[in-house]
Each structure stands twice: as C-alpha cells, then as structure tokens.
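Chemist: Okay, here's the structure, questions in a sec.
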Amino acid sequence: MPKNSNHMKSDYKWVATCANGLEPHLSKEIITLGGSVTDSSNGAVRFSGSEAVGYTVCLWSRVANHVLLPFWSGEAESANALFDQVVEHPWGDVMNVDQTFVIDVSNHKTEGFNKKYWAQKLKDGIVDWFKEDQGIRPSVEKSRPDVPLHLFVSGESVEISFSFSGESLHKRGYRKASFEGSLKENLAASLLLAAGWDREQPALLDPMCGSGTFLIEAALVSFDIAPGLYRDYWGFKGWHGFDSAKWDQLLESAEQRRAHGIATSTTKIVGYDGSKESLQLAQHNIRSAQLEDVIQLEKREFAAFRKSDDFTSKSGLVVVNPPYGERLGEAELLFYTYRALGNRFRSQFKGWKFGIICSDIVLLDQVKLPYDEQLRIFNGPIQCYFRHGEIAAQSNSKNKEAVTALFETTTFQTHEKVSSDLANRLIKNVKKLKKWALKNELECVRIYDADMPEFNFAVDVYGQYIHIQEYAAPKSIPDETAKKRLDIGVETIKRVFRMNYKHLFIKVKRRQKGKEQYQKLTSKGELFEVAENNAQLLVNLSDYVDTGVFLDHRIIRNKIFELAKGKRFLNLFAYTGTASVFAALGGAKSTTTVDLSPTYIAWAKKNFALNGFSEQGHQFFQQDCISWLHKCNRTYDLVFVDPPTFSNSKRVYQDFNVQKDHAEVLEAVHGQLELNGVVIFSNNFQGFELDARVKELFEVENISKSSIPVDYSRRPKIHQCWMLTRI
C-alpha cells in the first residue's frame, strides 16, 4: 500500500539533491544547519528535521539543487499503474483547486524511461481527483507555480514530494548574465567548500574570473551571507503548512548576519580577466549581489598578475575555471595555457590552496601540481574534474638544478674514448661562466664554440639538455675524420657533465651531393620548456638546425622588454615569436607577429599560451613580411626586424637577400612607425653594410658590441644590430 506521510508533523523527513559526487559536502552542510542525515547516495541526501530546518536549508544551503518534502511513496511498474494509485490520493490535503501546479520528474537507472509520460499520468491523476471531488480542476503553470511537485522513480519504487525550494537553488537571483558554460552557482560554491574555503580564509584570487561566479560565491561564504537572500520565489509558500512568521524570522536573522559579516570581515577577494566583456558581466552580477564594495575586479591577462601586487597574506585560495575546449577551441594551445597555470601557481602562491576545474584530464595533468582530491562532477551536460590541494614550497626546477650541477663541474677522470684537452677546456669555460650564469639564473648558455679547431662544434646548454651543433669541416678534412672527432667530442661532453645520452642532441653537418646539410638525428617534434628571465620558451632540440631560441639575442630580447611598456610592438621575420613574448611581458599595449612559416607562427602562439597570454591584443600573421608591410594600415611604436641572410621560399614570388633588400624593408617599416618610434634591426650576415637610404630616414645607433652576450664572446660578429629612431 502507498504511504502518505509528512503532513502536519513536528519532525519531517526531507530529501536534498545535489550534483553526483558532492553528497559528503551536502551532508556536512545539512548537519551544520540543524538536520540529522540518515542516508546519502546518487546525488541525494535524506535527513530529518523540523519545519524550520527545511526553511533553513532552503535559505542557507550553498550545495543543494532542490529541497524536497516527500509525502507519498509506493510501487508502480508503469505510469498507468501510478495513475491508478494517485487518482485515489486525497489531493485536497496537498493543494487547493485554485492553486497552480507543475510536476518535475527524475529517475534513477530506468531503461527507456519517458519523463513526459510519467508526468502526464501523475497530472491526470491529480486533475481527475479534483474533478471527482470538487467538480473543477486545477491549472498547470510551468513557470513559478503555487505548488511545485517532484516525482522520483527508481525501478518500481515511486516517491512524490512537495518541492520546498521550488526552482533549483543554483538560481540564487543575483546572476543576471553569464557565458555559455559558466559554472552553476551552487556548483561553484561546492567546489570552493571542497577546496577548504571558509570564513577564516584571508584571501581568494580567480585569475580568469569570467562572469564572477567563484568570486560572488566566495564572498557569500566569507561575509556570512545566505545565498537564498536574493531569491523572490519559494515553493514552500504554496505549502499548506507554510508558517510565514517562522520564515520572516529566519530572513531577519540572515539580514543581520549579512550586515555583521560585511562590517567585520577582512577577507580580500580579487578577480582578473583579460576580457573587457567578461569583466562587464562580472561587475553587473557583483552589483546585483550588492558586493561591489568587497570584491575587487581588474582587467588583467593571466600572464600579467603577481600575487604580491594585491595580497600580503601568506595563505589563501587561488581558484580558476579556465577554458577547456567546450568554451574555447585550439586544444593544443590550451595545453600550454594549463602549463602556464601550474608555473604561475608554483612561483607565486607558495603556501596557498588551489582549485582547478576542467573537462579534460590531459589538460589538468599539464598543471603538474600534486592534489589532495579529484572530484568528478557535471557542469550542465559537461563532465568535469575538480582538483584541489595545497601549493608546496617551490623547489628549483629540473632545468635550474641541471644547470647548477653543470656549473659545479670541476673535475674529470680520463678515459681512452675521450679527449683530455677538450675536457679541460669545457671545465675551464664553465668555471669562467659560472658566476655570471648563476647570478642571472640562466637556463640556456653557450659553453663551447669551436674553441679547439679539431673539435669544430658549438655546445649549448638548454636546462637539462645539451645541444651539440657541428660546423662544416674544411674540404681538406675527410668526412671520416670529422665523424671520429665528433664522436670523441660527444663522449667527452657526456662524461665531463655526467649526462645520459637521451639528454644529448647532436646536429651533424656533412657534404651530401655537393651541398652541405645538417642531418637530423631524430624527428620527434618534441618541445621542451626553458626559462629566460620571466619568460617561458619552447625549444625543439631535435628537428631543426635552430632550436627556437637564438641565444645570441638574449640581450636584445631584454632590451625589447625594457622598451615595450605601453607600446604597440611589431615583430617582423618573427621566427618563433620570442621577441614578441618579451614585449608582451614588458607591458606592450599590443603585439603583432609576422612570419612566412606556418610552423613558426604556430610555435609563437604556443609560446604566448605558455606565458599565460590569450590572443586578445596579440595578432599573428603567417605572411611574407614585405608583402604584409605594403598592405599594413596600422602604426607602431617599437619594431623588431631580424631577417634571414637569404631566403628562397616557394611561398613568395622572389628570393630575399638581406644586403640587397633590407633598405626596402626598413623604408616600409618607416611608413608604419610613429614619430620617435624605434626599430631594432639585426641580422647575421657578417659582411653586411647598412644602406645609406636608411641613414636618411632614421637616427642610427650601432649597438652590435653591447648586444653580444658574455657566452658569445668568441663570436663577436655572430650578429650586427642597430637601433633606428624615426626622425
């Protein structure tokens, strides 16, 4: 027989629903609100408590979706069987005929379940009872009815409840606008609570705040604000047992707590976003929640923030809902955005807690932070994962540890397969460079450059890796001799620096069919991260002659960083965009990166993502630089031009020669340059002479000597460089 319960009692049996996986957090919350939890599973928590407890959970729960008051349960193998039973139920005890109603249906693991049909049969039973008993029928109202009912079906078990909360509790009432894919309010609150956020926490930062949901929900916790205070519709107001005096008393108490919380709390809550549109939405929602005086917003790209700018506390929570494919495409770039998150959290938030939500485990793994818990939850239809934990004290990166160990090399044991002379020279070089390299925290350094004619190669350190680039041997040296010398050199380097072969990358140059070519040892396409000052850069040590970073331009990149603040920056013949990254990090108003190669433009975008920049304010053009300049209708304040010595790409109709063509390029740049704008012009052609036409257009300063770094002192003519100021 069906059971009829929970009518006019002092102690009621309740059900609160939530997202799957959050039952423990909802149970804990209900207990603090006065309920006695009896069971929890499958996104539902059953508890007992008074009428006041029901109101309190509706008003104060941050986690729940719905609060239900079951009043009928039974067995029904079909919707028709349900009708046969409910048509006999005294519905006059539940509602009046002049009250509107609606039926919401949910089910658990029922194959082929038709929610609409079950709702229809329950509605028919209610209507038929009233027709039989009173001669008239109540009306259905889908939006905010007087009596919201909930039907739950699990197998043949059926339960009907009065929806005390009415609409889902995630509809707080303050959010007037949001983006597609924004977190539901109660999900955001649940994740904050899971990550350890409470009233005692001193600070919270969301560096990609979007429409501000994390910020607002964190503030509601910090300032002791009931999330239900903003709502103007409740299902329980149509319940026969509704006690308005009790409800008004709870509202008055909540208002007092809100006022006291805002007056006494010192918690700092800050949100950044690089999008003006996002910040406008966040500001609108924050004002709607009447929290504009306690939440700070700032337009700032993720790459541009430092904890020390806004926070003095040694603890807090940094929480973020970054793009994860469904909201923003280009998954490969997101791969590096998530690395940037991890890098920044480790470097800036030692001792803080963190929380990150994402739908893609692979992306989450790129953050590379140990976590205490991973929750699997749904944000609407999207399955997501939320990881949270504490950010431990940052240890040196593997790159820094490897470089430090390399510069501590002071001894070497002789071996028949190695050259003692080369070993001693390597040790001498690292000893000479040690103080300078470690002081400047360099991860990428040239430690040998054909110092000895018989070992005709350059040796560069890239963090944990060593890159060996062979130079062309004179025609008088047989290939076999050159190969033997290189083999000895590689073995010597391996033993001196105690390196595993997998950390050595060798570029071999041999004469083939009348042309000298570098032979690729591998073709993995693997990109490694290295640091230079505040920048993170990607290098490929296996696939190309050049690695992605010109180490001899280190001083030039720093110069660009110093000059870029507030400037519109243009990078021509941009290669992998490293100069553009330094300009962006230096505070450039905008950057434009132009290169003919699609590979290098894609690489440049990855470098930007790795440093936390979106493409907003940063443009990339895969085009011939000269053609692009002639079509350009923008002006710039700072330009970097680093053309190749020679290029004969099939993508352009004519070859490029730096000596012959540089004047045309610089004349075109002059036309796009603001008065007193600066061009940094560099090239690697040792016999290069600056065209007289350039000197007529610019004030010219040769900075070649000062632009050569310490580790390139053996090759002072590796590049020539000028600063050209428009006059």
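The values are calculated or read from the model by the stated rules, or taken from the named source; none is laboratory data. All values derive from a computational prediction rather than experimental measurement. In this analysis, Cβ positions are derived from the backbone assuming ideal geometry, glycine residues included, and neighbour counts consider all displayed protein chains.
Chemist: Is it true that Gln654 is polar (S, T, N, Q), modelled with pLDDT under 95 and farther than 20 Å from Phe550 by Cβ?
Modeler: yes
Chemist: Could you run through segment 602-634 and say how many residues are closer than 11 Å to Gly577 by Cβ and of a type in the set (Asp, Glu)?
Modeler: So the answer is 0.
Chemist: Tell me the residue from Leu363, Leu333, Leu375 that is hydrophobic (A, V, I, L, M, F, W, C), in contact with a strand residue (DSSP E or B) (Cβ under 8 Å, 6 or more places away or on another chain) and not assigned by TED's automatic domain parsing to the domain that holds Phe608, please.
Modeler: Leu375
Chemist: For the condition aromatic (Phe, Trp, Tyr) and closer than 17 Å to Val539 by Cα, what is the one hit in Phe620, Phe608? Write out each step before concluding.
Modeler: On the way: Phe620 fails: closer than 17 Å to Val539 by Cα.
Being aromatic (Phe, Trp, Tyr) and closer than 17 Å to Val539 by Cα holds for just one of Phe620, Phe608, which is Phe608.
Chemist: Can you run down the residue pairs with Cβ atoms below 9 Å, 6 or more apart or on separate chains, where the first is in segment 99-125 and at positive phi and in contact (Cβ under 8 Å) with a residue 60 or more places away in the chain and the partner is surrounded by fewer than 18 Cβ atoms within 10 Å (Cβ to Cβ) and not in a helix (DSSP H, G or I)?
Modeler: The qualifying pairs do not exist here.
Chemist: Quick one: in segment 345-364, which of the residues that are more than 10 Å from the chain's Cα centre (by Cα) and farther than 14 Å from Leu317 by Cα is modelled with the lowest pLDDT?
Modeler: Result: Ser347.
Chemist: In segment 698-722, which residue that is among the hydrophobic types (A, V, I, L, M, F, W, C) and either crowded, with 19+ Cβ neighbours inside 10 Å or under 36 Å from the mean Cα position of the chain (by Cα) (or both) is farthest from Tyr448 (Cα to Cα)?
Modeler: Looking at residues that are among the hydrophobic types (A, V, I, L, M, F, W, C) and either crowded, with 19+ Cβ neighbours inside 10 Å or under 36 Å from the mean Cα position of the chain (by Cα) (or both), I get Phe698.
Chemist: Hey, another quick one. Can you name the residue in segment 181-194 that is in a loop (DSSP other than H, G, I, E, B) and not aliphatic (A, V, I, L, M) and is also nearest to Arg62 (Cα to Cα) among such residues?
Modeler: The residue in question is Lys184.
Chemist: Considering (1) at pLDDT below 95; (2) assigned to a helix (DSSP H, G or I), say which one Glu77 fails and leave the rest.
Modeler: (2)
Chemist: To continue, here is another question. Looking at segment 416-424, can you tell me whether even one residue there is within 29 Å of the chain's Cα centre (by Cα), part of a helix (DSSP H, G or I) and within 16 Å of Ile493 (Cα to Cα)? Show your work before the answer.
Modeler: Of segment 416-424, the ones within 29 Å of the chain's Cα centre (by Cα) are none.
No - not one qualifying residue is present in segment 416-424.
Chemist: If you don't mind, there's one more thing I want to ask. Here is a list: Lys121, Lys131, Lys116. Which entry is touching a Leu at 6+ places or on another chain (Cβ under 8 Å) and either surrounded by fewer than 16 Cβ atoms within 10 Å (Cβ to Cβ) or basic (Lys, Arg) (or both)? Show your work before the answer.
Modeler: On the way: Lys131 fails: touching a Leu at 6+ places or on another chain (Cβ under 8 Å); Lys116 fails: touching a Leu at 6+ places or on another chain (Cβ under 8 Å).
When all the criteria are applied, what remains is Lys121.
Chemist: Moving to a separate point now. Give the residue that is surrounded by the most Cβ atoms within 10 Å (Cβ to Cβ), with candidates limited to residues of segment 677-697 that are of a type in the set (Phe, Trp, Tyr) and under 13 Å from Ala663 (Cα atoms).
Modeler: Looking at the filtered set, the residue picked out is Phe681.
Every residue, every condition in (1) part of a loop (DSSP other than H, G, I, E, B); (2) out of contact with any Phe, Trp or Tyr (no Cβ under 9 Å at 6 or more places or on another chain); (3) under 30 Å from Arg344 (Cα atoms), yes or no:
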| residue | (1), (2), (3) |
| --- | --- |
| Asp128 | no, no, no |
| Phe179 | yes, yes, yes |
| Ala218 | no, no, yes |
| Gly228 | no, no, no |
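Chemist: Which condition number in (1) of a type in the set (D, E, K, R); (2) surrounded by 18 or more Cβ atoms within 10 Å (Cβ to Cβ); (3) within 22 Å of Leu527 (Cβ to Cβ) is the one that Lys502 fails?
Modeler: Among (1) of a type in the set (D, E, K, R); (2) surrounded by 18 or more Cβ atoms within 10 Å (Cβ to Cβ); (3) within 22 Å of Leu527 (Cβ to Cβ), Lys502 violates only (2).
Chemist: While we're here: Being among the hydroxyl-bearing types (Ser, Thr, Tyr) and surrounded by fewer than 16 Cβ atoms within 10 Å (Cβ to Cβ) is the filter here; which residues of segment 134-163 pass it? Talk me through it step by step, then tell me what you get.
Modeler: Keep residues of segment 134-163 that are among the hydroxyl-bearing types (Ser, Thr, Tyr), which gives 139, 143, 154, 157, 161, 163.
Of everything in segment 134-163, those that are among the hydroxyl-bearing types (Ser, Thr, Tyr) and surrounded by fewer than 16 Cβ atoms within 10 Å (Cβ to Cβ) turn out to be Ser139, Ser143, Ser154, Ser157.
Chemist: Let me ask something else. So which residues in segment 607-635 are buried (at least 22 other Cβ atoms within 10 Å of the Cβ) and not hydrophobic (A, V, I, L, M, F, W, C)?
Modeler: Hits for segment 607-635 are Asn607, Asn611, Gly612, His618.
Chemist: Tell me, yes or no, whether segment 292-311 has at least one residue that is more than 19 Å from Leu341 (Cβ to Cβ) and either small (Gly, Ala, Ser) or outside the structural domain of Met208 (by TED's automatic domain parsing) (or both).
Modeler: no
Chemist: Please go through segment 141-165 and pick out each residue that is farther than 14 Å from Gly235 by Cβ and of a type in the set (Ser, Thr, Tyr).
Modeler: Within segment 141-165, Ser154, Ser157 meet the criteria.
Chemist: Mind checking whether some residue in segment 575-593 is buried (at least 24 other Cβ atoms within 10 Å of the Cβ), more than 25 Å from the chain's Cα centre (by Cα) and closer than 23 Å to Asn684 by Cα?
Modeler: Checking segment 575-593: not a single residue is buried (at least 24 other Cβ atoms within 10 Å of the Cβ), more than 25 Å from the chain's Cα centre (by Cα) and closer than 23 Å to Asn684 by Cα.
Chemist: Filter segment 457-474 down to residues that are over 44 Å from the mean Cα position of the chain (by Cα) and in contact (Cβ under 8 Å) with a residue 12 or more places away in the chain and give me whichever is surrounded by the most Cβ atoms within 10 Å (Cβ to Cβ). So that I can check it myself, show each step before the final result.
Modeler: From segment 457-474, those over 44 Å from the mean Cα position of the chain (by Cα) are 472-474; that's our starting set.
Among the residues that remain, those that are also in contact (Cβ under 8 Å) with a residue 12 or more places away in the chain are: 472-473.
Working: Ala472: 14, Ala473: 21.
Only one residue fits best here, namely Ala473.
Chemist: Okay, moving on. Please state which of the following conditions Leu673 fails to meet, knowing it meets all the rest: (1) buried (at least 16 other Cβ atoms within 10 Å of the Cβ); (2) at pLDDT below 95.
Modeler: (2)
Chemist: Next up: Give the residues of segment 80-136 that are at pLDDT 95 or above, more than 19 Å from Phe162 (Cα to Cα) and within 55 Å of the chain's Cα centre (by Cα), sorted by residue number.
Modeler: Within segment 80-136, Asn80, Ala81, Asp84, Tyr117 meet the criteria.
Chemist: Sticking with this one: May I ask you to list pairs of residues, at least six apart or on different chains, whose Cβ atoms are under 7 Å apart, with the first in segment 128-145 being small (Gly, Ala, Ser) and the second being surrounded by 13 or more Cβ atoms within 10 Å (Cβ to Cβ)?
Modeler: Ser139/Thr100
Chemist: While we're looking at this one, here's another question. Hey, can you tell me all the residues within segment 683-727 that are among the small types (Gly, Ala, Ser) and farther than 23 Å from Ala437 by Cβ?
Modeler: Within segment 683-727, Gly687, Ala692 qualify.
Residue-wise test of (1) more than 28 Å from Gly548 (Cβ to Cβ); (2) among the β-branched types (Val, Ile, Thr); (3) not assigned by TED's automatic domain parsing to the domain that holds Lys559.
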residue: Leu666; (1), (2), (3): no, no, no
residue: Glu674; (1), (2), (3): yes, no, no
residue: Ile680; (1), (2), (3): no, yes, no
residue: Ile703; (1), (2), (3): no, yes, no
residue: Pro709; (1), (2), (3): no, no, no
residue: His719; (1), (2), (3): no, no, no
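Chemist: Among the helices (runs of 4 or more DSSP H) confined wholly to segment 598-684, which include 3 or more residues that are of a type in the set (Gly, Ala, Ser)?
Modeler: 598-610, 658-671
Chemist: Right, another one. Any idea how many residues of segment 308-326 are of a type in the set (Ser, Thr, Tyr), within 20 Å of the chain's Cα centre (by Cα) and modelled with pLDDT of 80 or more?
Modeler: 0
Chemist: Of all residues in segment 551-573, how many are without any contact (Cβ under 8 Å) to a residue 60 or more places away in the chain and either in contact with a Pro (Cβ under 7 Å, 6 or more places away or on another chain) or under 14 Å from Val641 (Cα atoms) (or both)?
Modeler: Count: 1.
Chemist: Still on this structure, I have one more. Restricting to segment 523-543, and then to whatever is within 15 Å of Leu504 (Cα to Cα) and surrounded by 14 or more Cβ atoms within 10 Å (Cβ to Cβ), can you tell me which residue is modelled with the lowest pLDDT?
Modeler: Among residues in segment 523-543 that are within 15 Å of Leu504 (Cα to Cα) and surrounded by 14 or more Cβ atoms within 10 Å (Cβ to Cβ), the one modelled with the lowest pLDDT is Asp543.
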